[in-house]
Amino acid sequence: MAKLKLGILGSGKGSNFRAIADAIAAGSLSAEVCIVLSDVEAAGILALARERKIRAEFVAPGNFKTKLELEAEQRVVALLREAGVEIVVLAGWMRMIKAPLLDSFPRRIINIHPSLLPDFPGREAWKQALAAGAKEAGCTVHYVDSGVDTGEIIAQSRVPILPGDGPEELHERIQIAEHQLYPAVLREFAVQNM
């Protein structure tokens with residue numbers, strides 16, 4: 001049975017990557033992580049991938065803060081293609097995705113965002129939810145397009161905002177939901193792939 005071939009892009013410590021890799025290791029997700037790429041040389045996600053003997057590479061992002069330079073994004077595309085990736089999974093990737101990657105993997109790039117989109121797109125969405133006095137937060141898996149967290153929604157998980165919640169407590173509970181939702185969505189992709 002063919003396994004879904006994943007390429008994971010991340011900028012941080014890699015907790016969503018870990019949740020996906022754990023689901024694969026437990027046999028609950030029929031997939032293979034072919035490559036992990038990061039725009040941050042010392043990102044924890046690269047160390048986690050290497051510990052699991054998964055190819056992990058740093059791609060120098062260039063001079064922009066919010067996106068990769070064209071040559072860097074073309075390098076990401078080349079690495080993903082070389083690895084045979086079918087679905088590109090953004091796991092804490094903190095840069096906009098532009099034409100080279102979008103055109104190379106149409107409707108095959110997904111992201112997880114720590115809010116119930118379309119509410120609170122962008123950075124630190126849990127802080128935005130608290131500042132707005134929202135009654136609940138959550139996470140959303142969505143297709144990636146050229147906007148900021150504007151792609152078609154695939155699935156969501158709701159997390160209540162409890163009295164006395166600070167940013168850290170709420171973010172931690174949202175991450176627990178993310179670690180369940182992302183592998184579940186990928187399971188659906190894997191079933192469709194069979």
statement: The simple spin-label model distance between E152 and A99, using points 7 Å out along Cα→Cβ, in nm, is 2.3
- request: Quick one: among S11, S30, S146, which has the greatest mean-square fluctuation in a GNM of the chain with alpha-carbon springs under 10 angstrom?
  value: S146
query: Mean separation of Cα pairs under 8 Å and 6+ residues apart, divided by the residue count of region 56-153: what relative contact order is that in percent?
result: 24
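In terms of the ratio Rg/(2.2 N^0.38 Å) built on C-alpha atoms, what value belongs to the chain?
Details: Rg = 16.1 Å, N = 194, 2.2 N^0.38 = 16.3 Å.
Scaled against compact globular proteins, the figure is 0.99.
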statement: Hits in region 121-136: amide N under 19 Å from the 7 Å Cα→Cβ extension of E169, namely 125-136
- prompt: Gaussian network model of the chain, Cα springs within a sub-10 Å range: biggest mean-square fluctuation belongs to which of L46, L70, L80?
  reply: L70
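Quote the relative contact order of the chain in percent (integer), defining contacts as alpha-carbon pairs under 8 Å separated by 6+ residues. Please list the in-between numbers first.
Working: 383 pairs, mean separation 40.4, N = 194.
Relative contact order for the chain comes out at 21 percent.
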Residue among E168, E86, E178 with the largest mean-square fluctuation in a Gaussian network model of the chain, springs linking Cα atoms under 10 Å: E168
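FYI, it's all coordinate maths here, none of it is from the lab. Nothing here was measured: the structure is a model prediction, and the numbers come from that model. No Cβ is skipped: glycine too gets one built from the backbone with ideal geometry, and neighbour counts run over all protein chains shown.
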